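Data block below; observations after.
Every number here is computed from the coordinates shown, using simple stated rules; none is lab data. A quick note: this is a predicted structure, and the numbers were derived from the prediction, not measured. Neighbour counts run over all protein chains shown; Cβ positions are idealised from the backbone, glycine included.
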Amino acid sequence: MHVPDVIHELVATERALDKLGARGISPDEAAQLPRNRHVVVRNPRDPGRRRFVIGFSDGGRALTLVVERTTEPTTWLIVTGWDATDAERRILSRAR
């Protein structure tokens with residue numbers, strides 16, 4: 001049986017914040033994804049620990065974050081992020 005990944009909180013290192021900032025993504029925007037419409041999908045490059053969170057900020061910006069498991073099951077560590085690609089937006093539009 002597969003248990004879906006639940007994300008209640010996202011945390012980030014300074015390095016991750018620098019990566020987000022380089023792409024114009026604020027820490028607040030990234031933190032908004034779990035509260036808004038989003039989908040969590042396995043990262044094909046690291047299916048064990050990492051996931052993609054594709055979702056919307058409060059302002060409607062579609063973002064993709066790479067997140068990694070922490071010891072707390074509902075708290076995930078942001079690795080990096082970017083504006084969602086067209087393919088990622090399609091994944092989000094199919095999710096209910």
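Points worth noting:
- Taken together, the criteria exclude Thr70 from residues that are out of contact with any Leu (no Cβ under 6 Å at 6 or more places or on another chain) and among the hydroxyl-bearing types (Ser, Thr, Tyr).
- Residues being under 12 Å from Glu9 (Cβ atoms) and of a type outside the set (A, V, I, L, M) - total across the stretch 33-78: 8
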